[in-house]
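Engineer: Take a look at this one; I'll ask things after.
The values are calculated or read from the model by the stated rules, or taken from the named source; none is laboratory data. Predicted model, so just to flag it, every value in this text is computed and none were measured. Here the Cβ positions follow ideal geometry from the backbone for every residue, glycine too, while neighbour counts run over all protein chains shown. When the accessible area is computed, the model is the full protein with side chains, heavy atoms only, and any ligands, DNA or RNA have been set aside. Shrake-Rupley method; radii C 1.70, N 1.55, O 1.52, S 1.80 Å.
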Amino acid sequence: TKATEVTVEGKTYSTDEWMNTPSTILTAISRRLHLQQDHPLAITRKLIESRFPGYNTHNDLFPVVTVEQNFDSLGFPADHIGRSRTDTYYLNQDTVLRTHTSAHQADTFRANESAGYLISADVYRRDAVDRSHYPVFHQMEGARIWDRGALDAGKSLAQTVWEDVANIPKHDIEVEDPNPTTHAERNPLQDGHSAEDVEAMAAHLKRSLEDVVVAIFSTARSASAATTGGDTAAAPADEPLKVRWVEAYFPFTSPSWELEVFWQGDWLEVLGCGIVRQSILNNAGVSNKVGWAFGLGLERIAMLLYSIPDIRLFWSTDSRFLSQFSAAGPLQRFVPFSKYPACFKDVSFWLHSSSAITGAGGRGRNAQATSHDFHENDIMEIARDVCGDLVEDVRLVDEFVHPKTGRRSFCYRTNYRSLERTLTNDETNELHERFRQQLVEKLGVELR
Ligand code: PHE
């Protein structure tokens, strides 16, 4: 019989047909990497926290939240893709593993305990298998609010905020910010917000986050100087740090932006942010407040900071990894202890006639969704389930439609590699065979 209950950290939930959380994900919950002494994620968290003096920190909020907390309270529309079981881990229809730290926004605003807060936590998303994606990762959420009324005599909100802006450390990096703070269609001012107030809060938000990025990247730069040669990832370039603000969209902020950093030849998105939707503050019982919020991925920043080449490393318990990090003393870049060989294997299969893999190459090309359709993330999850951290990458390499039958064929290439040892041929053959069989059993494909 199928279990109808699941216990997470001592709390029991009844499951239903929405349950799609594998036990491998549930066991990751207790790891709390962002709190582990001398773990690179914990050091990165503290480095960022140190740039926000006086902000309240919450680092142990419970990971199981309601659909209301994760989506509804933030204004996600009913049909938002993020709500789908292909993207989100559900325990039951009303209960999910948080997909972002913003799940705690409404509650934290409701508690109304401080003007600024930071929340660091593990978050969970079904996603691709590659060196920068893992179904569990860590985010830091930050927010800063101000009183709208009850201001000191003769001082406007905008003036108060500009005085706070003046207290943020100055920097001399190059910042591209070509867009106006608000734009009627692309990035609108909210009803009831004044342009002057939002101008001031946007400046406070942007200067605060630029300060974080400057702190992180100057630390990364001095670390690269401390390490010489060796088989390390490319050293941070010595060219000056360049950052840019781009317009963005989130259901829970407006206007909204993303901050990108030019890093080794590419623009890299490091965080999302914006002016908090007034409805969230109103619903949380603090309609007299206005403010901003941001969310950033700690793994991505830590990977840049330490030159960590693969996100799976954060989960390693190998002392050759863990012993390289210390909160005390200057930051040292990560030196890969060895590069073990990769083993590539392909699996090709037919789908049921006229069905499709959503989220993959074949996305949206079939006219009618059928009951045999599945999402590419289902393939990813089977690979994780079978291989754990021995799979580095899974990608679609070929797709075609049979000219006569109209059936679709897909070929996925899996890269098996351990970060800690050399896998034997027998081992990878066995993993691959189990992967193939699970594709048949769980997704009903026909192997070629
Ligand atoms: N929660 C958003 C994400 O995960 C980031 C964000 C947080 C954006 C707060 C705006 C404000 O992508």
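Engineer: With every protein chain present, what is the per residue accessible area of segment 170-225 (1.4 Å probe, Å²)? Kindly include the intermediate steps, with their values, before the conclusion.
Structural biologist: Details: 2630 Å² over 56 residues.
Result: 47 Å² of accessible area for each residue.
Engineer: Run the quick spin-label model on residue 429 and residue 319: label points 7 Å from Cα toward the beta carbon, then report their separation in nm to one decimal.
Structural biologist: With each label point 7 Å from Cα toward Cβ, the separation is 3.6 nm.
Engineer: Once you have the Cα-Cα distance between residue 5 and residue 215, take 0.36 nm times their residue separation minus that, and quote the gain in nm to one decimal.
Structural biologist: 71.1 nm
Engineer: State, to one decimal in nm, how far the label point of residue 111 lies from the label point of residue 344, with both points 7 Å from Cα in the Cβ direction.
Structural biologist: Spacing of the two 7 Å Cα→Cβ label points: 4.9 nm.
Engineer: While we're looking at this one, here's another question. Whole-Å semi-axes of segment 280-403's equivalent ellipsoid, largest first, each the root of 5 times a Cα gyration tensor eigenvalue?
Structural biologist: Calculated on Cα positions only, the semi-axes equal 37, 30, 11 Å.
Engineer: Considering only protein heavy atoms and a 1.4 Å probe, what is the carbon-and-sulfur percentage of the accessible area of the chain?
Structural biologist: In the chain, the share of accessible area belonging to carbon and sulfur is 48 percent.
Engineer: Then there is this: Name the residue farthest towards the positive end of the dipole of the chain from the options 6, 57, 189, assuming +1 on Cβ of Lys and Arg, -1 on Cβ of Asp and Glu, about the Cα centre.
Structural biologist: Of the candidates, 6 comes out farthest on the positive side.
Engineer: For residue 11, go through the lysines and keep the ones whose alpha-carbon is under 28 Å away, minus same-chain ones fewer than eight residues off.
Structural biologist: 2
Engineer: Please check: in the Gaussian network model of the chain (C-alpha springs, under 10 Å), which one of 281, 205, 61 has the largest mean-square fluctuation.
Structural biologist: Maximum among the listed residues: 61.
Engineer: At a Förster radius of 30 Å, what calculated FRET efficiency corresponds to the Cβ-Cβ distance of residue 328 and residue 84, to the nearest 0.05?
Structural biologist: Efficiency, from the Cβ-Cβ distance: 0.10.
Engineer: Which value in nm describes the separation of the simple spin-label points at residue 402 and residue 36, placed 7 Å from the Cα toward the beta carbon?
Structural biologist: Going by the 7 Å Cα→Cβ label model, 4.7 nm.
Engineer: Hey, what number do you get for the chain at 222 nm if only DSSP H runs of n ≥ 4 count, each worth -39500 (n - 2.57), divided across all residues, to the nearest 500? Write down the numbers at each step before the final one.
Structural biologist: Details: 11 runs with 119 residues, N = 448.
That calculation yields -8000 deg cm²/dmol at 222 nm.
Engineer: Same structure, new question: If one takes the longest principal axis of the Cα atoms in the chain, at what angle in degrees, from 0 to 90 and to the nearest 10, does the Cα axis of helix 157-166 lie?
Structural biologist: Value to nearest ten degrees: 70.
Engineer: Hey, if you drop one equal point scatterer on each alpha-carbon of segment 1-103 and run the Debye formula without solvent, what base-10 log of I(q)/I(0) do you get at q = 0.10, 0.11, 0.13, 0.14 Å⁻¹?
Structural biologist: -0.35, -0.43, -0.58, -0.66
Engineer: Separate question: Starting from 0.36 nm per residue, how many nanometres of slack lie between residue 409 and residue 168 once their C-alpha separation is accounted for?
Structural biologist: Answer, rounded to one decimal: 81.1 nm.
Engineer: Please give the solvent-accessible surface of residue 413 in Å², to the nearest 10, using a probe radius of 1.4 Å with every protein chain present.
Structural biologist: My reading of the accessible area for residue 413 is about 90 Å².
Engineer: Could I ask something else about it? Starting from the Cα coordinates of the chain, work out the convex hull volume and express it per residue in Å³.
Structural biologist: About 173 Å³ per residue, rounded to a whole number.
Engineer: If a/c stays under 1.5 just call it rounded; otherwise compare a/b with b/c (prolate if a/b is bigger, oblate if not). Do that for segment 111-180, with a ≥ b ≥ c from the square roots of the Cα gyration tensor eigenvalues.
Structural biologist: Oblate is the answer for segment 111-180, as a/c is 1.5 or above yet b/c matches or exceeds a/b.
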